[in-house]
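The values are calculated or read from the model by the stated rules, or taken from the named source; none is laboratory data. Because the structure is a prediction, the values reported are computed rather than measured. Please note: Cβ atoms are built from the backbone with ideal geometry, for glycine as well, and neighbour counts cover all protein chains shown.
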Amino acid sequence: MRRLLPVVAAALLWAAPAQGFTKETGTRTMSDGTSIAYDVYEPSGSKPAGGWPGVILLHGLGGSKDDMAPLAQILAAHGYAALAYSARGEGTSTGNLELAGPKEISDERALESFFARLPNVSNTKIGGWGVSYGGGELWDGLAAGIPYKAAAVVATWTDLYSALWPQDVAKSGIVAGFASAVDSRSPLVNGIANDAVRSTNLPTLRTLAAERSSLARLPSVRTPVYIFQGRVDYAFDVTQAENGFRRVRGPKHLYIGQFGHPPSTFATRDLAYVQSETLAWFDHYLRGAPNGIDRSRPVTIAAARGAKRASYTRLPRTKVVTVGFRGTTLGPRTGPRFRGALETFGVSLLKVQVRRVSRFPRLVATVRAGGRVVTHGAIVPRVGLQTIRLANYVQYLPRGTRLSVTFGDSSGSDLTYLGFGDPGRISLGPAELELQVLTRPVSG
């Protein structure tokens, strides 16, 4: 499970520069008595009139302010003050972790206000940067009206329930991994972990997730937001980023790149591009630099390998390719070879006839190309024609690829959907895949 944890250290992203900066470490006491540990970084040299523009840095689950040190130093080298803090229940901050809940957003607001009052920091030019858990906090802070002037969110969610419990079935391996990262400092997580992993007591989980999701409030966001999401991220798929891009009303960019939670990693070759785009975004919206990023095409997708990228004026067009899977076995069932190269993008649908079912708690479908997982999804099965919504991963399928589909009570070795040894019995008929693909592949 530990390899699933989204503990994201900026040291994995970018090496810190050697330019000078000052660093102040301290704590702030929140309204409920919780002590939040923070570091403030300021560039060396004379501050500009009005103070340094600033960026607040929000770390990943199981991390701390120390993970943000390399990124804070990069920002300081480019003329920004930076505030990194450990979320409650993380690092040396006290209190209990509450899954980016209302108390964490209150802390975020208090730290932004504190940062804005520092004598060397501009109180009108403060941005936010958050990754994974911190990205979810940042989205919620934006939706709650924290006055950021620009933001960048990396590999995170906008709708926590659909991310982790799509179609009311837990991504049990992912959820278990997340819970194990923080259960020692989170009574909330301890109290819901069994339900969360086994997809029980769903109304409670749905309510809890809604309080920690920005989706419904995104149309109120006018802050310029750059959204960075991984091509293949089992925790938070591309739909989570599309939600943000479609709904926010301010300036926005979306980059879909070669990074993310497992099976991807965060130390990948396109992160130099992520760094340059992040700095250009903040330079334009916090410092007024006429660098043209506001006029560039707002959607960019990186190829599966190499440095090739494709940019679009809007979310790219897609088409549906239908693949039939004959047979009645759980699988694997193999489809025909593709005559041309394809690249998936969007939510694909797998329709399967359930003929009989008895005490079969979850039906997991895993679509593979050879040994590689292309996508997967799950439902609570019932007799009749069932539709499984598959995860939105960007996967390149070369010419001649043959897809296979396997049904079961788990997703096998990829660990996303764990089984619990209680499969019961199920009888299936033919299946048909409606595969969403780009009209023109980026890769290849």
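So which residues in segment 44-71 are modelled with pLDDT of 95 or more, farther than 12 Å from SER86 by Cα and surrounded by 22 or more Cβ atoms within 10 Å (Cβ to Cβ), if there are any at all? Scanning segment 44-71 gives TRP52, PRO53, GLY54, VAL55.
Per the listing LEU349, LEU403, LEU363, the residue uniquely under 26 Å from ALA303 (Cβ atoms), in contact with a strand residue (DSSP E or B) (Cβ under 6 Å, 6 or more places away or on another chain) and buried (at least 22 other Cβ atoms within 10 Å of the Cβ) is LEU403.
Residue count for segment 125-160 under the criterion of being assigned to a helix (DSSP H, G or I) and over 13 Å from the mean Cα position of the chain (by Cα): the result is 4. Just one of (1) surrounded by fewer than 18 Cβ atoms within 10 Å (Cβ to Cβ); (2) closer than 16 Å to LEU438 by Cα fails for ARG337. It is (2). For segment 364-411, give me the residue count where each residue is more than 21 Å from GLY346 (Cβ to Cβ) and under 23 Å from the mean Cα position of the chain (by Cα). Total satisfying the criteria: 1. Report, by residue number, each residue of segment 31-66 that is touching a residue at least 24 places away in the same chain (Cβ under 8 Å), aliphatic (A, V, I, L, M) and either in a loop (DSSP other than H, G, I, E, B) or not assigned by TED's automatic domain parsing to the domain that holds SER113 (or both). Passing the criteria: only LEU61.
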